[in-house]
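Inspection log for the structure reproduced underneath, given as structure tokens.
The values are calculated or read from the model by the stated rules, or taken from the named source; none is laboratory data. These figures come from a predicted structure and were not determined experimentally. With ideal geometry, Cβ positions are generated from the backbone for all residues, glycine too; neighbour counts draw on all protein chains shown. Each accessible area value is taken on the protein alone, full model and side chains, heavy atoms only, with ligands, DNA and RNA left out. Shrake-Rupley method; radii C 1.70, N 1.55, O 1.52, S 1.80 Å.
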Amino acid sequence: TSVYKPNWWVLLGDMGAGKTSLVLRFVKGQFSEYQESTIGAAFFTQVLSLNEATVKFDIWDTAGQERYHSLAPMYYRGAAAAIVIYDITSMESFARAKKWVQQVQRHANPSLIMFLVANKADLGAERKVANEEGEEYAKENGLSFLETSAKTAQNVNELFYEIAKRLAKA
Ligand code: GTP
């Protein structure tokens, strides 16, 4: 069977956390050390074939810069999934991620699937946010949690496939 429900996902997180890099790793299998900061938002579309269904979805990659934050509700309201990203080398980005989680939980649809994603896992030597801190915060707030690296591709397919699988079941 094919599932063609209107289906969009949103990526939120501090500037430089790696939102665009994660999407480009997933959609194009590419990574750039010099990824440019997103202006406004970027749009991607993707089709995944699972055993049980084909899931077609759009991804809104929002801009992390403060001046664009007022646009975010347009993308997370009605979203089927939200991926909130922080950079493990930045405690500030973790604090920013928590704010996004709270904001989305207050305003998004109740069936929304939310992942907290700790990106740049390849930069272990510069780590400021312990794996357990992210995991614990996720658990307390009913979110799923993954550590990823857009650079090495660690857990990137896993993240997007896991969301697609859950939506196919819903
Ligand atoms: P905004 O568009 O400003 O909100 O940023 P963003 O969250 O989309 O971050 P972006 O993907 O532009 O990445 C910012 C910088 O971090 C770039 O220089 C990337 O190359 C780098 N980067 C992203 N992901 C990773 C990662 O997993 N590991 C490493 N080492 N660098 C990464």
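Structure notes:
- Residue within the stretch 11-29 that is more than 19 Å from THR148 (Cβ to Cβ) and more than 8 Å from the ligand (Cβ to nearest atom) present: no
- Boolean, GLN154 is closer than 23 Å to MET74 by Cα, at pLDDT 95 or above and either more than 16 Å from the chain's Cα centre (by Cα) or open to solvent by 30 Å² or more (accessible area, probe 1.4 Å) (or both): no
- Any hit, the stretch 55-62, residues being under 18 Å from TYR161 (Cα atoms), within 8 Å of the ligand (Cβ to nearest atom) and in contact with a Leu (Cβ under 6 Å, 6 or more places away or on another chain): yes
- Pairs with Cβ under 8 Å, 6+ apart, first in the stretch 119-148 and in a helix (DSSP H, G or I), second among the hydroxyl-bearing types (Ser, Thr, Tyr): GLU126/THR89; GLY134/TYR86; ALA138/SER144
- Close Cβ contacts (under 8 Å, 6 or more residues apart or on different chains) running from residues in the stretch 35-61 that are over 18 Å from ALA80 (Cα atoms) to residues that are open to solvent by 70 Å² or more (accessible area, probe 1.4 Å) and part of a loop (DSSP other than H, G, I, E, B) comprise SER37/MET15; GLU52/THR1.
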